[in-house]
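For reference, the structure is listed below as structure tokens.
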Amino acid sequence: MAKIGIMSFAHMHAEAYAASVNRRSDAQLVAVWDDDPKRGADAAKRHNTRFVDDLDAFLDSGLEGVVITSENVKHRELTERAAAAGLWVLSEKPLATTIEDGKAMIEACRSAGVGLGTAFPCRYIPSIQAVRAELEAGKYGDIYAVTCTNNGQFPGGWFGVEALSGGGATMDHTVHVADLLRWMLGKEFVSVYCENGHLMGRDTALDDVGVLHLEMDGGTIVSHIASWNRAKSFPTWGDVTMEFVGEKGVVEVDAFNQKLNVYDDRTMRAQWAYWGGDPDLGLVSDFIESVNERREPAITGEDGFRALEVTVAAYKSAASRQRVAI
Amino acid sequence: MRLAVIGCGGMGTIHASLAARCGFEVVACGDSRLDKAKALAEQHNAEAADDCLALVKRPDVEVVAVATPTPTHGAYVRAAAEAGKHVFCEKPFTRTPEEGEETLAAVKRSGVKLLVGHVVRYFQEFEAIRERVQNGSIGKVGFVKTYRGGIYPRGEGAWFHDYAQSGGVVFDSSIHDLDWIRYVFGNPTRVYCQALQRSDPLDYGMVTMWFDQGLITHTIGTWAHPGGFRVKVEVCGDQGMVTLDSKEAPISAMMRETAGGGPSMIVPGSPVPVSPYQLEWEDFAAWMRDGRTPRVQPEDAVWAVRIAHGALESARTGAPVAL
Ligand SMILES: NC(=O)c1ccc[n+]([C@@H]2O[C@H](COP(=O)([O-])OP(=O)(O)OC[C@H]3O[C@@H](n4cnc5c(N)ncnc54)[C@H](O)[C@@H]3O)[C@@H](O)[C@H]2O)c1
């Protein structure tokens, strides 16, 4: 029985992770800690667990693993604390906001002998898994080019504050797809060119649109849009899409296009209601099993770091207006 | 007005019949392959010729339509202008910006009218998007994405396959979107591009432009799909969005059997009262008749070449190109 704690409900994904832990019979949600006591206490109540105000007391409450869903820049410190207490760590994406922090997190977990995972739940979306299997089986032959998007509505709050998020839409919406590309194609990134800026009038000083031109091993060319360009009235939060152009054919994945079109007179707004499988449950299940089996999570800290490298290089490119090696 | 059509392939054939519908009289058809010139000339009771430079200079010709492979446009346009003929020329205007400027100068010197076929400006759906942007209904626009393409084109003599001639999907096809974006949003400052340009043949390209008012655009062009044709547009403003997808069309059909044997592809149909290619000729005719400023001005055509050529240079060097 994996004893799991959640560190901070600053990130909205904490809701789904907490619910996923509670759905597993081989895990128990033992405690919540949060540097915002009200937010933490409310969340603990919602998820039938207890709130522990004091971080030392929380780390000492019989836990075996923690899910860290704080603001991006706090991942490092919380990971170091958890690792020092001998706990397995699942960090929300992005793993960190700087190369230095990412390395420190990996090192802290390695030297403490605990597992470190990065929350890339998109790997658990059935359509993504199906296309990955086809790519691996060579159905489309060599892949020459890929165009991707991770668009979204502006999440607001600390996401728009650099001191907490470490960056804007490019920081928020690059790593999911960067990880998927590495995982689906089995290739690493070589270089990036990025144009980004605060262009959509979102309530932040940070970039709300980024366009990345990437190159992978073997010359595969990739473009990716990382954005908060979706209108408030858009029928859903956003998307993850990829179009692969290969030797034998093309395949397009629109990962959340398993939806109902909903027209609701009470809200006077058309909406897309997603009915597809719950990728967060797959992610959390693997983490729980990794805790129980004392093994590395399937999606490692190293995976999180590789995706982070792309983001950091993208910001460097945007500042220098040059292609940057990764 | 009396019209000579040069280049009697796919586009030349279309232009001859649409120009005829707009009151132009097709008097001569020229093609370096006389059989093709003859085939089109027959449909219009016109004369056929394989010496197109001579044809351009015929005194009875008042307007010349150039629909030959891209690198040959410039010489015909200059010859026509020097002979005092008005010119309709297919896009891309020329293969290089230098030749574009030289050709534009010849047109200006002679005082003839030149309309280059940036037909997307005449597509009703694109015009509807432009109107929405212009009337401010989605606020200040910060991001635009366009997508265009499908199967690899099959031109006469495989000139599309020779990237030195056609420029591939970015120069030949994405130029439509790059021009339309500039039409709506003004001049871009720099361009970045990646392009496949494979000899399979197969081509796919991604072009990003930066505009100083605070706009990034991303244009995807494909000649890499095994079939079909699709256009998508997405315009994002600070107060809303507009999107378009040609897959969402009023008609879609699939035949149980085709002449080739198997079942056919689904080809969505979206018929319109007047073809955008005809609107080009109506615009051209109105310019000549009433002096009304046409939707595509000669400088626009050179700009489109400059952007698309800059994109190819960026794809080659891996660095952004200032425009
Ligand atoms: N606006 C559009 O939607 C659109 C669509 C397709 C092509 N185009 C453009 O139209 C032009 C023609 O393309 P197409 O698809 O009709 O090509 P095509 O290959 O079908 O036709 C070209 C014709 O020109 C003839 N030709 C070749 N070299 C010549 C020369 N030196 N002098 C005289 N004739 C010559 C060929 O024999 C052929 O009949 C190109 O510039 C292309 O980029 C525009």
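The values are calculated or read from the model by the stated rules, or taken from the named source; none is laboratory data. On a predicted model such as this, the values are computed, not experimentally measured, just so you know. All Cβ positions, even for glycine, are placed from backbone atoms using ideal geometry, and neighbour counts span all protein chains on display.
Of the residues in segment A:284-311, how many are surrounded by fewer than 24 Cβ atoms within 10 Å (Cβ to Cβ) and within 30 Å of B:Gly318 (Cβ to Cβ)?
5
I'd like the full set of residues that are away from the ligand (no atom under 16 Å from the Cβ), at pLDDT 95 or above and surrounded by fewer than 20 Cβ atoms within 10 Å (Cβ to Cβ), limited to segment B:23-37.
The answer is B:Glu25, and nothing else.
Being under 21 Å from B:Val107 (Cα atoms) and among the charged types (D, E, K, R) is the filter here, so list the residues in segment B:288-323 that pass it.
Hits for segment B:288-323 are B:Arg289, B:Asp290, B:Arg292, B:Arg295, B:Glu299, B:Asp300, B:Arg306.
Among the residues of segment B:7-22, how many are without any contact (Cβ under 8 Å) to a residue 40 or more places away in the chain and either part of a strand (DSSP E or B) or more than 10 Å from the ligand (Cβ to nearest atom) (or both)?
2
In segment B:38-57, which residues are under 17 Å from B:Leu3 (Cβ atoms), in a loop (DSSP other than H, G, I, E, B) and at pLDDT 95 or above?
Hits for segment B:38-57 are B:Asn45, B:Ala46.
What are the residues in segment A:144-160 that are of a type in the set (A, V, I, L, M, F, W, C) and away from chain B (no Cβ under 11 Å), if any?
Passing the criteria: A:Trp158, A:Phe159.
Just the residues that are without any contact (Cβ under 8 Å) to a residue 40 or more places away in the chain and at the interface with another protein chain (Cβ under 8 Å from one of its Cβ atoms), please, taken from segment B:189-199.
B:Leu196, B:Arg198, listed by residue number.
Could you tell me whether any residue of segment B:122-132 is buried (at least 18 other Cβ atoms within 10 Å of the Cβ) and within 14 Å of chain A (Cβ to nearest Cβ)?
No, segment B:122-132 has no match at all.
Could you please find all residues in segment A:204-258 being more than 8 Å from every other protein chain (Cβ to nearest Cβ), more than 26 Å from A:Tyr315 (Cβ to Cβ) and in a strand (DSSP E or B)?
The answer is A:Phe244, A:Gly246, A:Val251, A:Glu252, A:Val253, A:Asp254.
Looking for something in contact with a Gly (Cβ under 9 Å, 6 or more places away or on another chain), crowded, with 17+ Cβ neighbours inside 10 Å and of a type in the set (D, E, K, R) - is there at least one such residue anywhere in segment B:99-114?
There is at least one residue in segment B:99-114 that is in contact with a Gly (Cβ under 9 Å, 6 or more places away or on another chain), crowded, with 17+ Cβ neighbours inside 10 Å and of a type in the set (D, E, K, R).
Just to verify a result, which residue in segment B:231-252, among those that are at the interface with chain A (Cβ under 10 Å from one of its Cβ atoms) and in contact with a Gly (Cβ under 9 Å, 6 or more places away or on another chain), is surrounded by the most Cβ atoms within 10 Å (Cβ to Cβ)?
Step by step, filter segment B:231-252, then rank; the result is B:Cys236.
How many residues does segment B:125-160 contain that are within 11 Å of the ligand (Cβ to nearest atom) and farther than 20 Å from B:Ser246 by Cβ?
The total comes to 7.
A:Met184 - would you say it is outside any strand (DSSP E or B), in contact with a Leu (Cβ under 9 Å, 6 or more places away or on another chain) and within 30 Å of B:Arg316 (Cβ to Cβ)?
Against the criterion (outside any strand (DSSP E or B), in contact with a Leu (Cβ under 9 Å, 6 or more places away or on another chain) and within 30 Å of B:Arg316 (Cβ to Cβ)), A:Met184 qualifies.
Got at least one residue in segment B:80-102 being assigned to a loop (DSSP other than H, G, I, E, B), within 13 Å of the ligand (Cβ to nearest atom) and either within 14 Å of chain A (Cβ to nearest Cβ) or small (Gly, Ala, Ser) (or both)?
There is no residue in segment B:80-102 that is assigned to a loop (DSSP other than H, G, I, E, B), within 13 Å of the ligand (Cβ to nearest atom) and either within 14 Å of chain A (Cβ to nearest Cβ) or small (Gly, Ala, Ser) (or both).
If B:Gly214 passes every condition in (1) crowded, with 23+ Cβ neighbours inside 10 Å; (2) out of contact with any Ser or Thr (no Cβ under 8 Å at 6 or more places or on another chain); (3) within 14 Å of another protein chain (Cβ to nearest Cβ) but one, which one does it miss?
So the condition that B:Gly214 fails would be (1).
Please find, within segment B:43-75, the residue that is surrounded by the most Cβ atoms within 10 Å (Cβ to Cβ) out of those that are among the charged types (D, E, K, R) and within 11 Å of the ligand (Cβ to nearest atom).
Of everything passing the filter in segment B:43-75, B:Asp50 is surrounded by the most Cβ atoms within 10 Å (Cβ to Cβ).
Looking only at segment B:301-323, which residues are of a type in the set (Val, Ile, Thr), in a helix (DSSP H, G or I) and over 16 Å from B:Gln197 (Cβ atoms)?
B:Val302, B:Val305, B:Ile307
Each row is one residue, and each column tells you yes or no for (1) under 23 Å from B:Thr96 (Cα atoms); (2) touching a helix residue (DSSP H, G or I) at 6+ places or on another chain (Cβ under 9 Å); (3) not in a strand (DSSP E or B).
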{"site": "B:Thr146", "(1), (2), (3)": "no, yes, no"}
{"site": "B:Ala158", "(1), (2), (3)": "yes, no, yes"}
{"site": "B:Gln194", "(1), (2), (3)": "yes, yes, no"}
{"site": "B:Thr219", "(1), (2), (3)": "yes, yes, no"}
{"site": "B:His225", "(1), (2), (3)": "no, no, yes"}
{"site": "B:Val231", "(1), (2), (3)": "no, yes, no"}
{"site": "B:Glu234", "(1), (2), (3)": "no, no, no"}
{"site": "B:Val242", "(1), (2), (3)": "no, yes, no"}
{"site": "B:Lys247", "(1), (2), (3)": "no, no, yes"}
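Can you name every residue in segment A:224-244 that is closer than 14 Å to A:His176 by Cα and buried (at least 22 other Cβ atoms within 10 Å of the Cβ)?
Selection gives A:His224, A:Ile225, A:Ala226, A:Ser227, A:Val240, A:Met242.
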